[in-house]
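The values are calculated or read from the model by the stated rules, or taken from the named source; none is laboratory data. These figures come from a predicted structure and were not determined experimentally. Here Cβ is always computed from backbone atoms with ideal geometry, including for glycine, and neighbour counts include all displayed protein chains. Remember, those area values only see protein heavy atoms, side chains included, never the ligands or the DNA or RNA. Shrake-Rupley method; radii C 1.70, N 1.55, O 1.52, S 1.80 Å.
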Amino acid sequence: MGEGWGVRKFWVAGGLGTGLVLLLGLLVIGTYVAAAGLAGAGGRALGLAKGAVPAAYQDLVQKWGTLCPAISPALLAAQLYQESGWNPKAQSPAAAQGMAQFIPGTWQTHGIDGNGDGKKDVWDPEDAIPSAASYDCELASYVKKAPGDATHNMLAAYNAGAYRVIQYNGVPPYRETQNYVKTITTLAKSFEAPRGPVAPSRQAAGAIYYAQDKLGRPYLWGGTGTAAQGGRFDCSGLTKAAYHSVGIELPRVANDQWNAGPHPKRSELLPGDLVFFAYDLNDPRSIHHVGIYVGGGYMINAPYTGAVIRFDKIDTPDYIGATRVTSDGAKALPAANAA
């Protein structure tokens, strides 16, 4: 949550810190004026965003995510993340098993030997990931004549059954099913490599304002800003509280906050984006620190024990990327759904 940041000594001292505070309003206003014209310029996503999927599974997701037109690598990644958080040994109280959370009966019927080793193993990602894609495509074929979006209909069939999709000529009027379709399609945006600019966030300026007001407060491991904690924070506690102040509920820890929206490139960062740092740049589950970008290559962050909330540079060797937080993106996270 922040202790890993201890290797950084980029304290922005007195004068420069004051200058950044004075420039903050101009950075936010100027950047959002420029970004306003980009909001509608996004393109259709192609492939996976860099670092979005753990390296051990990226090739599998990329390959099997193109098995049929109803799915994509990002959509398949969203399903796997939502089901298990990339845990190949996950097991639910309902006996759903493995990374793709197949129940035994469904696995027996729909599991495939994805790696060609002569057996289909629900606990092996090389079988589970291909099986998830294959099952999606089977469902898509069952409901292919239903009107509407093929991907939405496939996801609805996954949740409610193909018969219901056919019966209602598309996504059935069940709140659970409609929420599932929205959750997975929204979460997929956090795995996509966008072809065009990512739309700016409307809540970002408020989140920055909140974090700026906390400058100078001492870091506290596990801190969430409560009165009992003296209003102190760790890194993800600060980002969570900043976005809570504008009505967006983020998960508690940094590596779960990573999937709260799409991932802009370094050259496309805007104030308010969350910026992340990881031990392994090919594995987002190794993220150990997060801050709030303010422009000019700087972030506000709660660095480590013994330091205070302050401005630091983001361009360090462990910078893995950024997330543009959206309300729907935060709501789509498994941690939010479990709350």
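Data for the structure
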read-out	value
Hydrodynamic radius of the range 243-339 per Kirkwood, over alpha carbon pairs, in Å	13.6
Listed pairs Lys89/Lys189; Lys240/Lys313; Lys63/Lys119; Lys189/Lys331; Lys120/Lys182 exceeding 22 Å between Cα atoms	Lys89/Lys189; Lys120/Lys182
At most 10 other Cβ within 10 Å, DSSP loop - trypsin sites (Lys or Arg not before Pro), the range 144-179	Lys145
Alpha-carbon radius of gyration plus Dmax, which is the widest Cα pair, for the range 60-132 in Å	11.4, 33
Area accessible to solvent at Trp123, 1.4 Å probe radius, in Å²	70
The range 179-319 pair-distance distribution - Cα-Cα, 10 Å bins, rounded %	12, 43, 35, 9, 1
From the C-alpha gyration tensor of the range 206-275, square roots of 5λ in Å	22, 13, 11
Size-normalised alpha-carbon gyration radius of the range 126-249, reference 2.2 N^0.38 Å	1.55
